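Enquirer: Got a structure for you, written out below as structure tokens; questions coming shortly.
The values are calculated or read from the model by the stated rules, or taken from the named source; none is laboratory data. Since the model is a prediction, treat every value here as computed from it, not as a measurement. Here the Cβ positions follow ideal geometry from the backbone for every residue, glycine too, while neighbour counts run over all protein chains shown.
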Amino acid sequence: MEKNSNITYKRKLPSAKELKAELPLSKKAIKVKEQRDKEIAEVFRGESNKFILIIGPCSADRMDSVLDYIHRLVEVQEKVKDKIIIIPRIYTGKPRTIGTGYKGMLHQPDPNKEPDMLEGIKAIRRLHIRAIEETGLCAADEMLYPENYKYLSDVLSYVAVGARSVENQGHRLVSSGINIPVGMKNPTSGDLSIMLNSIKAAQNGHTFLYSGWEVDTTGNDMTHAILRGYVDKHGNNHPNYHYEDLSHLYELYYDNGYKNPAVIVDTNHSNSGKKYKEQVRIANEVLHAMRHSDNIKKMIKGFMIESYIEEGSQKPEDGVYGKSITDPCLGWGETEKLILGIASQL
């Protein structure tokens with residue numbers, strides 16, 4: 001133990017290799033994921049015209065309600081399979097601006113109990129595995145901590161890097177070694193150059209230190225932009241999904257030699273001002289822009305939408321089944337209607 005340290009080492013947790021051996025993905029699920037990954041990659045490489053919907057709760061909080069929600073998505077996926085690929089949001093870590101509050105299932109597998117990281121890493125892996133094996137849908141998660149990506153590297157089909165992480169060198173370098181799509185959000189300041197620099201860094205190979213190893217990466221050509229709106233110096237939210245915003249990003253993308261230029265529009269966060277019901281209107285406005293411009297249509301690959309079984313949000317102790325304990329979400333009825341409405345416009 002170092003003398004000049006405020007860190008208490010409580011217990012050593014299993015390595016990613018050990019956890020994967022304890023909680024393996026079945027051979028059937030591996031094949032399902034391989035096929036799903038192929039279909040998703042074709043979208044981001046411009047080889048498929050299908051539309052991506054990364055949709056689900058702000059944070060995965062309970063195993064039962066999250067799986068219930070994903071089972072509901074399966075029924076809708078079947079109805080729209082010719083046009084849309086649904087990727088459930090199973091976000092197991094929750095970034096906290098000032099460090100307080102619920103930090104996600106990774107920290108608290110039971111949101112009403114104390115943090116337990118050992119049970120947390122097991123719970124998030126079980127949840128992702130069950131989602132694939134029970135529904136055939138492969139999920140997205142946020143890479144909040146690059147070091148922890150290894151615990152889920154074989155079960156994820158999409159990775160997001162958040163607005164507060166996108167400038168971090170570690171996130172950029174690890175993303176360059178991932179072989180599924182990685183979405184880089186614009187930072188909370190809205191500076192697109194930061195997001196684009198992150199994409200450029202992740203699309204190229206690097207040599208760096210990772211988990212005690214010197215590693216080489218080849219670059220990830222499916223790294224792309226996520227537009228989530230921004231906050232000005234006065235704390236006011238501003239959107240960046242309008243036609244002019246999309247046209248500007250198109251020019252930046254195509255003038256600077258990026259591989260597979262692509263954008264996912266986040267319909268919540270600062271784009272909606274966290275007014276979750278605005279997500280429906282925002283999605284429809286972006287679809288209109290896609291009809292108006294072939295360039296925008298080519299660049300936009302899908303939406304990121306926050307949705308759960310019950311609309312709105314609650315405190316963890318309220319205990320309403322299927323209702324977000326972090327940011328407010330669309331309810332299931334409106335979600336199903338929205339997905340079908342998006343499909344009808346593609």
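Enquirer: Determine which member of the set Gly205, Gly229, Gly235 is at pLDDT 95 or above and either surrounded by fewer than 15 Cβ atoms within 10 Å (Cβ to Cβ) or of a type in the set (Lys, Arg) (or both).
Expert: Residue meeting the stated conditions: Gly205.
Enquirer: Pick from region 249-280 the residues that are closer than 20 Å to Lys50 by Cα and of a type in the set (Ser, Thr, Tyr): which of them is surrounded by the most Cβ atoms within 10 Å (Cβ to Cβ)? Before you say what the answer is, go through the steps one by one.
Expert: Residues of region 249-280 closer than 20 Å to Lys50 by Cα: 250, 259-267, 280.
Keeping just the survivors that are of a type in the set (Ser, Thr, Tyr) gives 250, 267.
Numbers: Tyr250: 18, Thr267: 30.
Here the residue is Thr267.
Enquirer: I'm told Ser270 meets every condition in (1) at pLDDT 95 or above; (2) touching a helix residue (DSSP H, G or I) at 6+ places or on another chain (Cβ under 8 Å); (3) among the small types (Gly, Ala, Ser) except one. Can you identify the failing condition by its number?
Expert: (2) is the only condition that Ser270 fails.
Enquirer: Which of (1) more than 17 Å from the chain's Cα centre (by Cα); (2) crowded, with 23+ Cβ neighbours inside 10 Å; (3) among the aromatic types (Phe, Trp, Tyr) is the odd one out, the single condition Trp332 does not satisfy?
Expert: Trp332 satisfies all of (1) more than 17 Å from the chain's Cα centre (by Cα); (2) crowded, with 23+ Cβ neighbours inside 10 Å; (3) among the aromatic types (Phe, Trp, Tyr) except (2).
Enquirer: Scanning region 245-293 for residues that are of a type in the set (Gly, Ala, Ser) and more than 21 Å from the chain's Cα centre (by Cα), which turns out nearest to Ile180 (Cα to Cα)? Working first, answer last.
Expert: Step one: of region 245-293, the residues of a type in the set (Gly, Ala, Ser) are 247, 257, 262, 270, 272-273, 283, 289, 293.
The next check asks that each one be more than 21 Å from the chain's Cα centre (by Cα); those that pass are 247, 257, 289, 293.
Values: Ser247: 26, Gly257: 20, Ala289: 27, Ser293: 28 Å.
Per the criteria, the residue is Gly257.
Yes or no, residue by residue, for (1) closer than 22 Å to Lys274 by Cα; (2) assigned to a loop (DSSP other than H, G, I, E, B); (3) in contact (Cβ under 8 Å) with a residue 60 or more places away in the chain; (4) touching a strand residue (DSSP E or B) at 6+ places or on another chain (Cβ under 8 Å):
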position: Glu42; (1), (2), (3), (4): no, no, no, no
position: Cys58; (1), (2), (3), (4): yes, yes, yes, yes
position: Asp61; (1), (2), (3), (4): yes, yes, yes, yes
position: Asp68; (1), (2), (3), (4): no, no, yes, no
position: His71; (1), (2), (3), (4): no, no, yes, no
position: Glu75; (1), (2), (3), (4): no, no, no, no
position: Glu78; (1), (2), (3), (4): no, no, no, no
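Enquirer: Can you confirm whether Lys17 is exposed (fewer than 13 other Cβ atoms within 10 Å of the Cβ) and either at pLDDT 95 or above or touching a strand residue (DSSP E or B) at 6+ places or on another chain (Cβ under 8 Å) (or both)?
Expert: Taking the combined requirement at face value, the residue satisfies it.
Enquirer: For region 79-115: of the residues being among the charged types (D, E, K, R) and at pLDDT 95 or above, which is surrounded by the most Cβ atoms within 10 Å (Cβ to Cβ)?
Expert: Per the stated criteria, the residue is Arg89.
Enquirer: For a quick check of your reading of the model, give me the residue pairs whose first member lies in region 166-190 and is among the acidic types (Asp, Glu), whose second is at pLDDT 95 or above, with beta-carbon atoms closer than 6 Å and at least 6 apart or on different chains.
Expert: Listed by first residue and then by second, the contacts come to Glu167/Ile194.
Enquirer: Need pairs with beta-carbon distance below 6 Å; first residue without any contact (Cβ under 8 Å) to a residue 40 or more places away in the chain and within region 113-134, second surrounded by fewer than 22 Cβ atoms within 10 Å (Cβ to Cβ) and outside any helix (DSSP H, G or I); sequence gap 6+ or separate chains.
Expert: Pro115/His107; Pro115/Gln108; Gly120/His107
Enquirer: When you look at Ala29, is it modelled with pLDDT of 95 or more, surrounded by 20 or more Cβ atoms within 10 Å (Cβ to Cβ), touching a helix residue (DSSP H, G or I) at 6+ places or on another chain (Cβ under 8 Å) and in a loop (DSSP other than H, G, I, E, B), yes or no?
Expert: no
Enquirer: Take Ala131 and decide whether it is farther than 23 Å from Asp216 by Cβ, at pLDDT 95 or above, assigned to a strand (DSSP E or B) and not charged (D, E, K, R).
Expert: no
Enquirer: Given the criteria part of a loop (DSSP other than H, G, I, E, B), modelled with pLDDT of 95 or more, under 16 Å from the mean Cα position of the chain (by Cα) and among the aliphatic types (A, V, I, L, M), does Ala163 qualify?
Expert: So Ala163 passes the test.
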